[in-house]
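Trainee: A single structure is presented below for examination.
The values are calculated or read from the model by the stated rules, or taken from the named source; none is laboratory data. Model, not experiment: these values are computed from the prediction. Backbone-built Cβ (ideal geometry, glycine too); neighbour counts: all protein chains shown. Just the protein is used for accessible areas: all its heavy atoms, side chains included, with ligands, DNA and RNA removed. Shrake-Rupley method; radii C 1.70, N 1.55, O 1.52, S 1.80 Å.
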Amino acid sequence: MNVDHERAAPLTELRGARLSYAARGAGLFRPPRVQALVDIDLAIAPGETLGVVGESGCGKSTLARVLVGIEKPESGTVLHGGRDLWAMPADERRRTLGGGVGMVFQDAATALNRRLPVHRVLRDPLDVHRRGSGAQRDARVRELLGLVGLPSSVADALPGQLSGGQRQRVAIARALALEPALVIADEPTSALDVSVRAQILNLLLDLRERLGLAMVFVSHDIQTVRRMSDRVITMYLGRIVEEAPAERVTGHARHPYTRALFSATPGLLDPIEPIPLTGPPPSATRPPSGCPFRTRCWKADERCAESMPDFRDEPGETPDGHRFRCHHPVAASESTHQLVAQATAAQSTAAQDKERS
Ligand SMILES: Nc1ncnc2c1ncn2[C@@H]1O[C@H](COP(=O)(O)OP(=O)(O)OP(=O)(O)O)[C@@H](O)[C@H]1O
Ligand code: SF4
Ligand SMILES: [Mg+2]
């Protein structure tokens, strides 16, 4: 966190990354495709935490999988340490990923091999990547258990014999085994009891500080994402629509969707109606033309139907590192109360127009 993120060379970068899937359950003959990632540009600096927010299905986990090299984008480039991941020979790619980036999944119960005792789970990456001697690997396993606050007595337990919180600690220890500079955490607490979520979040925060880790943090709990992160990106139907410093994202975001998302989880001290959006997200296989948010946006007009706006920033008005894709951005000074009033008025005008026609 005390690294100068602006100037440090990125650990990992995506340039123009695109990935689509054949839609699930659509049959075998020419199924429609879901655009899960569209033209993603992103850079993660050493020591920084990047938060990712957006509704279910917007592409957060796909982004995480592409960053960690589990999936290859159809086009665009993934750079690790400035080098093109998918241009490397396979063994070099494995080495680069194994030592450079660790992943913590939502559900440790399925992510860990249930037949291996904890010490084997933790030794496995050390064996695969031939790190140190046998004795050094055993010492590292003990060190990892201590790092994540587990007693050495769990070393012989099977994952199924542990509590959910302990299992997630093992998963975190495994992600750290090869001393990566970057950890990707995709919903690391959502499968856990509410009572242990805070412990796991605190563990991640503590490890980040102690080890100087960079982190990509994905969660539905967007207030937690904001608190954990230096920078937050908002995704909508596979696109990044805004990237903002975390301290600005709640009250000073410029994209209408970011403001609507954060208005839906107000602080307890300032209860407020959320900004109303029109309808559910559109089908990911047939996104609207132009700006894909236009079918739900209270500021949409013909221009929004014609073209997807490019990223813009406004030097002087928005700080460095804040960029957004919108033809009619919210003014940084507009309050959530004002936006609720605008959106409500736009919806009642639309309803009247519909009645008349
Ligand atoms: N293996 C797959 N096959 C087909 N479609 C997929 C696959 N994985 C993801 N998708 C689709 O790609 C889109 C993005 O999915 P993704 O899991 O990345 O979203 P998400 O933001 O992580 O959602 P959630 O918040 O529910 O975890 C969705 O429309 C999803 O249905
Ligand atoms: S481009 Fe138009 S539709 Fe898209 S978010 Fe901005 S105002 Fe709304
Ligand atoms: Mg997901």
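Trainee: Just the residues that are open to solvent by less than 10 Å² (accessible area, probe 1.4 Å) and more than 9 Å from ligand 1 (Cβ to nearest atom), please, taken from the stretch 60-72.
Mentor: Correct list: 66, 67.
Trainee: Quick one: is residue 224 more than 22 Å from residue 14 (Cβ to Cβ), out of contact with any Ser or Thr (no Cβ under 7 Å at 6 or more places or on another chain) and part of a loop (DSSP other than H, G, I, E, B)?
Mentor: For residue 224, the condition - more than 22 Å from residue 14 (Cβ to Cβ), out of contact with any Ser or Thr (no Cβ under 7 Å at 6 or more places or on another chain) and part of a loop (DSSP other than H, G, I, E, B) - is not met.
Trainee: Which of the residues belonging to the stretch 154-181 are open to solvent by less than 40 Å² (accessible area, probe 1.4 Å), over 18 Å from residue 216 (Cα atoms) and assigned to a helix (DSSP H, G or I)?
Mentor: Matches in the stretch 154-181: 154, 155, 159, 164, 165, 170.
Trainee: I've got another one for you. Among the candidates 81, 98, 57, 47, which residue alone is open to solvent by less than 40 Å² (accessible area, probe 1.4 Å) and under 30 Å from residue 247 (Cα atoms)?
Mentor: 47
Trainee: Need the failing condition index for residue 93 against (1) away from ligand 3 (no atom under 14 Å from the Cβ); (2) outside any helix (DSSP H, G or I); (3) modelled with pLDDT of 95 or more, just the number.
Mentor: The one condition residue 93 does not meet is (2).
Trainee: Mind listing whichever residues of the stretch 312-349 are assigned to a loop (DSSP other than H, G, I, E, B) and either β-branched (Val, Ile, Thr) or open to solvent by 60 Å² or more (accessible area, probe 1.4 Å) (or both)?
Mentor: We begin by selecting, within the stretch 312-349, every residue assigned to a loop (DSSP other than H, G, I, E, B); these are 313-314, 316-317, 319-322, 325-335.
The answer is 313, 316, 317, 320, 330, 333.
Trainee: Report the residue count in the stretch 118-135 for those that are open to solvent by 50 Å² or more (accessible area, probe 1.4 Å) and outside any helix (DSSP H, G or I).
Mentor: Number of matching residues: 4.
Table: residues versus (1) away from ligand 2 (no atom under 15 Å from the Cβ); (2) modelled with pLDDT under 90; (3) in contact with a helix residue (DSSP H, G or I) (Cβ under 9 Å, 6 or more places away or on another chain).
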residue	(1), (2), (3)
320	yes, yes, no
324	no, no, yes
346	no, no, no
351	yes, yes, no
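Trainee: List pairs: first residue in the stretch 220-246 and under 26 Å from residue 282 (Cβ atoms) and touching a residue at least 24 places away in the same chain (Cβ under 8 Å), second residue more than 16 Å from ligand 1 (Cβ to nearest atom) and part of a strand (DSSP E or B) anywhere in the structure, Cβ distance under 6 angstrom, at least six positions apart or on different chains.
Mentor: If the second residue must be more than 16 Å from ligand 1 (Cβ to nearest atom) and part of a strand (DSSP E or B), the pairs left are 232/244; 233/243; 242/324; 243/323.
Trainee: Given the criteria more than 20 Å from residue 251 (Cα to Cα), within 16 Å of ligand 1 (Cβ to nearest atom) and in contact with a Ser or Thr (Cβ under 8 Å, 6 or more places away or on another chain), does residue 288 qualify?
Mentor: Taking the combined requirement at face value, the residue satisfies it.
Trainee: Moving on. Test residue 284 against the criterion of being under 19 Å from the mean Cα position of the chain (by Cα) and of a type outside the set (S, T, N, Q), and give yes or no.
Mentor: For residue 284, the condition - under 19 Å from the mean Cα position of the chain (by Cα) and of a type outside the set (S, T, N, Q) - is met.
Trainee: Give the stretch 182-219 a look and list any residue that's under 25 Å from residue 12 (Cα atoms), within 16 Å of ligand 3 (Cβ to nearest atom) and not in a strand (DSSP E or B), or say none.
Mentor: Within the stretch 182-219, 187, 188, 189, 219 qualify.
Trainee: Which of the residues belonging to the stretch 277-305 are within 16 Å of ligand 3 (Cβ to nearest atom) and surrounded by fewer than 20 Cβ atoms within 10 Å (Cβ to Cβ)?
Mentor: Listed by number, the list holds a single entry, 281.
Trainee: Now a separate question. Yes or no: residue 145 of a type outside the set (Asp, Glu), open to solvent by 30 Å² or more (accessible area, probe 1.4 Å) and part of a helix (DSSP H, G or I)?
Mentor: Working: of a type outside the set (Asp, Glu): yes; open to solvent by 30 Å² or more (accessible area, probe 1.4 Å): no; part of a helix (DSSP H, G or I): yes.
No.
Trainee: Follow-up. What strands (runs of 3 or more DSSP E) lie completely within the stretch 23-86 and have 3 or more residues being within 16 Å of ligand 3 (Cβ to nearest atom)?
Mentor: Counting at least 3 such residues, we get 33-44, 49-53.
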